[in-house]
Amino acid sequence: MAYRFPIGPYHPALREPMVLDLKVAGTTVQEAALFLGYGHRGIEGLAQRSNLYQNLAILERMCGTCSHSNLMAYCQAIESIARTAVPLRGRYLRTILAELERIHSHLLWTATALDSAGFESLFLHVLEVRELVLHLLETICDRRLHYAVCSVGGVRSDLAEAEEVASLVQALKRPLYLALDAVMHDRSMTSRTVGIGALSLEDAVVLGVVGPVARASGLERDVRKDAPYAAYDELEVGVVTQSGGDVYARLIVRLLECFESIKLLERALEQLPGGNYRYDTMPPLLVAGEGISLVEGPGGENFCFVKTDGTDTPQRVKFRAPSYANLPALQRILIGQDLADVALIIASVGPCLACAER
Amino acid sequence: MIDKLHRQLMAERHTFIQRDGKGWLEFAHASSTEVARMFRDAGGRLITITGFSLSGEEIVLYYHFDVGGFLYTVRLETADLTIGSITPIMPAAEWIEREIQEYYGVTFSGHPRPLPLLLARHEGPSPLAVPQSGKVGASNP
């Protein structure tokens, strides 16, 4: 006989507040419905009552794991309205920060999934690797998460620690290989991940999922390659895909993407051009118009739309975070799964509610 | 695929502007469902929909589609604060339309599950249905 199994809004299995209303028969999930709204902060409304520069601070704080991506999307939309181009060095520095952010975010969600699977030693190992990246970000930006580096017209400060970044990027490889090897081959791990929580390619297309979740289902979609921005048109972006669509595939995609990010960082540091990293003189930004920007954040595509009327306050600022596109897919993925795997499946999707609810 | 879609857009009655590798469209007479079908048939996907209130009466909706990496924004307006739901054509629109419904008070006719999404406990008028007024920090300089 089927019964309802509500989880949340505050529950140890959930990383952020939401309600998961499951209909379960035995231990098999028959239906799943998500209810949000517990972390809604009205950021879009606030952005429409703040000026273009106040919004830099507000929008960066929308989320911790993709703060730079959100901010870069907003800056690109403003730059598109003002029809200005960012100096090449500024674009490279944005790219370097974006790839460091991708690594630490991917490692966080990998660690979260490992914790849900009960693999405590590997969970701690992955968090330790992530700590190296956060330490480097603190060295570069004086901050671990909300970096306050990206700004309209480029970045706020130059990179003086290029050699330190290059040396740390090298140091990441070995511990990352250890994590990848364990996730790929450790039987206690694969028995919890292979074939669990699968999303087919067809469903991924229909539901419009993005980022590592889409690529784990075989959908080769990456804004860095499809519509390059920042310095990605000068770097060769490799798109990682898997075909299983399950928890295993999502973990593997994230870890392999860390290696792709390392390659991009190496290339970007090697090719880092000289010159200005922001506008010499600020062009007129208070023009009326509509600007759109897409950024491939760690979770997938971050979309930003800005509409201005020539004053210092935008008429509309709209964000579509990747988790907003991916969370509804959970309602499909969880059907037919065992109740014991629900927390692990949710973690594998990377459910960032701070971004989704804004 | 994109060339074919552009030819179709140019040939028909639409205002179609290309800028920065993106397309901006205004349709003289078209329903949201017609637009969604056109982009679905062209192999496109819905990124999101942006609501915007200019006058405090009807709501402007910007539909953002991606066809092979090319972004299209289609501007449509509600009539009597109502517009056809595109969720039956593009299921990715389900949450997006529910959010606009509660932010702007727009009714999406034909939506399969028009429940609140983020503001289930919100009371009072739709928060973004009127243009925003008052600046942050204005009363506390």
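The values are calculated or read from the model by the stated rules, or taken from the named source; none is laboratory data. This structure is a prediction, so every number in the text was calculated from the model and none was measured. Don't worry about glycine lacking a Cβ; one is built from the backbone with ideal geometry, like all the others, and counts go over all protein chains shown. These accessible areas exclude ligands, DNA and RNA; they are computed on the full protein's heavy atoms, side chains included. Shrake-Rupley method; radii C 1.70, N 1.55, O 1.52, S 1.80 Å.
Below, the figures for the structure above:
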| read-out | value |
| --- | --- |
| In the stretch B:38-57, the residues that are within 11 Å of chain A (Cβ to nearest Cβ), in contact (Cβ under 8 Å) with a residue 24 or more places away in the chain, open to solvent by less than 30 Å² (accessible area, probe 1.4 Å) and farther than 12 Å from B:PHE108 by Cβ | B:GLY44, B:ARG45, B:LEU46, B:ILE47, B:THR48, B:SER53 |
| Some residue of the stretch B:17-33 being modelled with pLDDT of 80 or more, away from chain A (no Cβ under 14 Å) and surrounded by 19 or more Cβ atoms within 10 Å (Cβ to Cβ) | yes |
| Unique residue being crowded, with 22+ Cβ neighbours inside 10 Å, within 14 Å of chain B (Cβ to nearest Cβ) and small (Gly, Ala, Ser) when the list is A:ALA82, A:ALA47, A:ALA117 | A:ALA47 |
| Residue match in the stretch B:73-85 (condition: within 11 Å of chain A (Cβ to nearest Cβ) and either crowded, with 23+ Cβ neighbours inside 10 Å or not in a strand (DSSP E or B) (or both)) | no |
| Residue list for the stretch A:253-269, filter: open to solvent by 50 Å² or more (accessible area, probe 1.4 Å) and either closer than 17 Å to A:ALA98 by Cβ or small (Gly, Ala, Ser) (or both) | A:LYS263, A:GLU266, A:ARG267 |
| Filtered residues of the stretch A:338-358 (kept if open to solvent by less than 30 Å² (accessible area, probe 1.4 Å) and either outside any helix (DSSP H, G or I) or farther than 21 Å from A:LEU114 by Cβ (or both)) | A:GLY350, A:PRO351, A:CYS352, A:ALA354, A:CYS355, A:ALA356, A:GLU357, A:ARG358 |
| Residues (hydrophobic (A, V, I, L, M, F, W, C), surrounded by 22 or more Cβ atoms within 10 Å (Cβ to Cβ) and more than 17 Å from A:ALA182 (Cβ to Cβ)) located in the stretch A:88-107 | A:LEU93, A:ILE96, A:LEU97, A:ALA98, A:LEU100, A:ILE103 |
| Condition met for B:PRO127 (assigned to a loop (DSSP other than H, G, I, E, B), modelled with pLDDT of 85 or more and either within 13 Å of chain A (Cβ to nearest Cβ) or open to solvent by less than 60 Å² (accessible area, probe 1.4 Å) (or both)) | no |
| Failed item, numbered, when A:ARG221 is tested on (1) out of contact with any Leu (no Cβ under 9 Å at 6 or more places or on another chain); (2) open to solvent by 60 Å² or more (accessible area, probe 1.4 Å); (3) of a type in the set (D, E, K, R); (4) in a loop (DSSP other than H, G, I, E, B) | (2) |
| Positions within the stretch A:283-310 being more than 25 Å from the chain's Cα centre (by Cα) and within 30 Å of A:LEU136 (Cα to Cα), in sequence order | none |
| Number of the condition not met by A:GLY37 [criteria: (1) within 14 Å of another protein chain (Cβ to nearest Cβ); (2) surrounded by fewer than 17 Cβ atoms within 10 Å (Cβ to Cβ)] | (2) |
| Residue satisfying all of: in the stretch A:326-337; within 15 Å of B:TRP95 (Cβ to Cβ) and open to solvent by 10 Å² or more (accessible area, probe 1.4 Å); nearest to the other protein chains (Cβ to nearest Cβ) among these | A:PRO328 |
| Only one of A:GLU138, A:GLU128, A:GLU79, A:GLU44 that is assigned to a helix (DSSP H, G or I), charged (D, E, K, R) and at pLDDT 90 or above | A:GLU128 |
| Qualifying residue in the stretch A:340-358 (condition: at positive phi and within 11 Å of chain B (Cβ to nearest Cβ)) | yes |
| Residue within the stretch A:304-325 that is assigned to a helix (DSSP H, G or I) and either facing chain B (nearest Cβ under 10 Å) or of a type in the set (D, E, K, R) (or both) present | yes |
| Selected residue (only one of A:LEU180, A:LEU172 is surrounded by 20 or more Cβ atoms within 10 Å (Cβ to Cβ) and in contact (Cβ under 8 Å) with a residue 60 or more places away in the chain) | A:LEU172 |
| Condition met for B:LEU118 (open to solvent by less than 10 Å² (accessible area, probe 1.4 Å), farther than 24 Å from A:ALA204 by Cβ and more than 11 Å from the chain's Cα centre (by Cα)) | yes |
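To keep it simple, each residue is scored yes or no on (1) within 8 Å of chain A (Cβ to nearest Cβ); (2) in contact with a Pro (Cβ under 9 Å, 6 or more places away or on another chain); (3) within 17 Å of B:ALA36 (Cα to Cα).
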position	(1), (2), (3)
B:ILE59	no, no, no
B:VAL67	no, no, yes
B:LEU71	yes, no, yes
B:ALA92	yes, yes, yes
B:TRP95	yes, yes, yes
B:SER109	no, no, yes
B:HIS122	no, yes, no
